[in-house]
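What follows is a set of notes on a single structure, which appears directly below.
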Amino acid sequence: MNFTVIGEEEFIKFSRNHPLITFMQTTNVGKLRQKNGWHVEYVGLKHQNKLIAATMLLSKKRHFNKYEFYAIRGPLLDYHNEEILTYFMEELKKYVKEHNGYVLRIDPYLMYKERDGSGNLVPNGINNEFVVQNLLKLGFHKLKKEKEEQVSWMYVLDIEGKNEEEIFKNFTSSTRNNIRKTLKNGIEIKELSRDELDQFYNIMLETGKRKEFDVRDLDYYQRMYDAFHDSNEIKFLVTSLDLSKHIELLEEEKRENQTKLDNLSSAKYNEGKRKNILNDINSLEKRINKVKKIKEQDGEKITLSGSMFVMTQPEVVYLSSGNYSKYMMFNSQYLIQWEMIKYAIEHGYKRYNFYGIPDNFDKNDKDYGIYAFKTGFNGCVEQLIGEYVLPTSIFYYVIEMIHKIRSK
């Protein structure tokens, strides 16, 4: 086996067909990182002149003129082959040391232990604990979850070989009803051009302020667009609603219910039906009045929500989203998800990845609502093995001590 530096094209050819590929381990992200001051190179392992392992390797100068190296969502290799794993990591460690590096970080896109939709371990399911143990034997240290740069708990929907009807049928009843309502209510979806990304950015600003998280600059979304758009691997979608048309639809639904009520006989066995129809009419009246007030305040057409998706075969990743809080009653995010799931099915993707979720499944957790929303689509919790660091110099411990002192 031969460890070697490889070219960008050779890496692309290898990585695009690797089972552990994700958008993070692509040359597109490498070019984005270069603009943030990272150096990008590609290294691999060859056997009989055939590439059997590879990674995009990022590096950046830190303290004492020493470099941090990061195989973001990599390396790409067969982690079940201990010989390849050991040889590649040992050679990678040598390479980092030879290039003045003090640490190597990795966070492979590899499942840890298989879980169901509720986060419970699947009996006799996938278990990659032995991979973790092998990494520890090679000198890697597991980082705590709060220190990881990438998400390690995700919610994923398997769509391989399934059609729209099968997928939709498996959603929870409340999710199906919310999707039907959004279609019925006239909510529209628009894909943004680069010049329109400020619409998405404004949604994210409002959401970040409400949920108390930092929002990336508009420039970040523009750079993501530039990196992935030409290969048709990114979409920014926003939902909107024409309030006059929406009111008309509600009024029509109210009239239909009134007709049902008028046609009911006065027989006692119809009392339950009559009560339900009256409740529906009252609910519709309240909603009509609420929507009319919104129209008076905000105008004829309103923007409701927005989402960002990155599509790198074999998966679509739901990367970022936001909502205007005053319009959450319209549940427009359900429609965006359904439209993108249909897109993924149509274009032959195998996985629809709702991405990050909390790892404690506690209903009192401030982020539990994110998890609850995603579980309505009846996928599975996916736990990755996480992030690991391999110190390659005494300076790693010096720099860690400096960080601890600064944090205090």
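The values are calculated or read from the model by the stated rules, or taken from the named source; none is laboratory data. Here the structure is a predicted model, which means the values were calculated and not measured. Don't worry about glycine lacking a Cβ; one is built from the backbone with ideal geometry, like all the others, and counts go over all protein chains shown. What goes into the accessible areas is simple: the full protein's heavy atoms, side chains included, and nothing from ligands, DNA or RNA. Shrake-Rupley method; radii C 1.70, N 1.55, O 1.52, S 1.80 Å.
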- Task: Among the residues of the stretch 150-178, write down those that are aromatic (Phe, Trp, Tyr) and not in a strand (DSSP E or B).
- Result: PHE168, PHE171
- Task: Please indicate, with yes or no, whether at least one residue in the stretch 279-295 is touching a residue at least 40 places away in the same chain (Cβ under 8 Å), of a type in the set (D, E, K, R), open to solvent by 70 Å² or more (accessible area, probe 1.4 Å) and out of contact with any helix residue (DSSP H, G or I) (no Cβ under 6 Å at 6 or more places or on another chain).
- Result: yes
- Select from the stretch 339-372 the residues that are under 15 Å from the mean Cα position of the chain (by Cα), among the hydrophobic types (A, V, I, L, M, F, W, C) and modelled with pLDDT of 95 or more and list them in ascending order. MET340, ILE341, ALA344, PHE354
- Message: Could you go through the stretch 289-299 and let me know if any residue there is part of a loop (DSSP other than H, G, I, E, B) and modelled with pLDDT of 90 or more.
- Response: yes
- Confirm whether LYS342 is closer than 29 Å to GLU165 by Cα and open to solvent by 60 Å² or more (accessible area, probe 1.4 Å). no
- Query: Name the pairs: first residue in the stretch 384-406 and open to solvent by 40 Å² or more (accessible area, probe 1.4 Å), second residue not in a helix (DSSP H, G or I) and not β-branched (Val, Ile, Thr), Cβ to Cβ under 9 Å, at least 6 apart or on different chains?
  - Reply: ILE394/TYR102; PHE395/ARG62; PHE395/LYS66; PHE395/TYR102; TYR397/PRO391; VAL398/TYR102; GLU400/PRO391
- Out of VAL238, VAL215, report the one residue that is among the β-branched types (Val, Ile, Thr) and at pLDDT 95 or above. VAL238
- Item | Meets criteria (closer than 20 Å to ASN331 by Cα and part of a helix (DSSP H, G or I)) for LYS286 | yes
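How about the stretch 18-35: which of its residues are under 17 Å from GLY7 (Cα atoms) and touching a residue at least 24 places away in the same chain (Cβ under 8 Å)?
Of the residues in the stretch 18-35, the ones under 17 Å from GLY7 (Cα atoms) are 18, 25-31, 34.
Matches in the stretch 18-35: HIS18, GLN25, THR26, THR27, ASN28, VAL29, GLY30, LYS31.
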- Query: What number of residues within the stretch 226-239 are surrounded by fewer than 18 Cβ atoms within 10 Å (Cβ to Cβ) and of a type outside the set (D, E, K, R)?
  - Reply: 3
- Task: Could you check, for the stretch 21-29, whether at least one of its residues is under 22 Å from the mean Cα position of the chain (by Cα), among the aromatic types (Phe, Trp, Tyr) and under 27 Å from PHE395 (Cα atoms)?
- Result: no
- Message: Would you confirm, using the coordinates I've provided, whether ASP365 is out of contact with any strand residue (DSSP E or B) (no Cβ under 8 Å at 6 or more places or on another chain) and surrounded by fewer than 20 Cβ atoms within 10 Å (Cβ to Cβ)?
- Response: yes
- Query: Restricting attention to the stretch 191-210, does a residue exist that is open to solvent by 60 Å² or more (accessible area, probe 1.4 Å), modelled with pLDDT of 95 or more and either in a strand (DSSP E or B) or more than 27 Å from THR312 (Cα to Cα) (or both)?
  - Reply: yes
- Task: Mind listing just one residue for me: the one in the stretch 145-190 that is at pLDDT below 95, among the basic types (Lys, Arg) and under 22 Å from the mean Cα position of the chain (by Cα) and, of those, most open to solvent (accessible area, probe 1.4 Å)?
- Result: LYS147
- Query: Restricting the first residue to the stretch 155-170 and requiring it to be farther than 18 Å from GLN313 by Cα, which pairs with a second residue that is open to solvent by less than 40 Å² (accessible area, probe 1.4 Å) and not in a helix (DSSP H, G or I) meet a Cβ separation below 7 Å and a spacing of at least six or different chains?
  - Reply: ILE167/ILE159
- Which one of ARG216, ARG223, ARG255 is within 25 Å of GLU315 (Cα to Cα), open to solvent by 70 Å² or more (accessible area, probe 1.4 Å) and of a type in the set (Lys, Arg)? ARG216
- Task: Take the stretch 300-328 and flag every residue that is open to solvent by 50 Å² or more (accessible area, probe 1.4 Å) and assigned to a helix (DSSP H, G or I).
- Result: SER325, LYS326, MET328
- Note on the structure: How many residues of the stretch 110-138 are in a helix (DSSP H, G or I) and of a type outside the set (Val, Ile, Thr)? The answer is 7
